[in-house]
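Student: Before we start, here is the structure in question, set down as structure tokens.
The values are calculated or read from the model by the stated rules, or taken from the named source; none is laboratory data. What you are looking at is a predicted structure, and each value in this text was computed from that prediction instead of being measured. Here the Cβ positions follow ideal geometry from the backbone for every residue, glycine too, while neighbour counts run over all protein chains shown. Each accessible area value is taken on the protein alone, full model and side chains, heavy atoms only, with ligands, DNA and RNA left out. Shrake-Rupley method; radii C 1.70, N 1.55, O 1.52, S 1.80 Å.
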Amino acid sequence: MSRGPSGPGRRQVRFGTAELMRDLDRPNGWLLSVDGVAQSYVDLDDPTYLDFEYVRRMGDIVDGLPPGP
């Protein structure tokens, strides 16, 4: 099911098989998995949407920090 280098599909990578899949629940959401294990998620229409719980927790911590560098 491999397509062009910039589209969804499967590719052999150094540590297994990576697969880029469109999220059927979010029109422009994408999930990257390697050997069937979810690795990364992005919604190109809403980059503030955090799909993984551990990423949401990190976002909550960052949101709670005082302003500044």
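Student: Size of the stretch 17-61 along its principal axes in angstrom, Cα-based, largest extent first?
Tutor: The Cα atoms of the stretch 17-61 stretch 33, 22, 13 Å along their principal axes.
Student: Return one whole number: the accessible area per residue of the chain in Å², for a 1.4 Å probe.
Tutor: 81 Å²
Student: I would also like to ask the following. Return the carbon/sulfur percentage of the accessible area of the chain, one whole number, probe 1.4 Å, all protein chains in place.
Tutor: That fraction is 58 percent.
Student: Sticking with this one: Among Thr17, Val34, Gly68, which residue has its Cα furthest toward the positive end of the charge dipole of the chain, with +1 on Lys/Arg Cβ and -1 on Asp/Glu Cβ?
Tutor: Thr17
Student: Further question: Please list the non-local residues whose amide H lies under 5 Å from the amide H of Asp23, H modeled 1.01 Å from N, same-chain partners needing a gap of 5 or more.
Tutor: It is Gly29, Trp30, Leu31, by chain and number.
Student: Just grab the label-to-label distance for Arg14 and Leu65, each label 7 Å out from Cα along the Cβ direction, in nm (one decimal).
Tutor: Result for the modelled spin labels: 2.7 nm.
Student: Now for a separate question. Any idea what angle helix 53-64 forms with the longest principal axis of the chain, computed on alpha-carbon atoms, 0 to 90 degrees, nearest 10?
Tutor: Relative to the chain, helix 53-64 is tipped by roughly 30 degrees.
Student: Sorting check: for 30-39, 7-16, 58-67, which peptide has the highest mean count of neighbouring beta carbons within 10 Å, and how do the rest follow?
Tutor: 30-39, 7-16, 58-67
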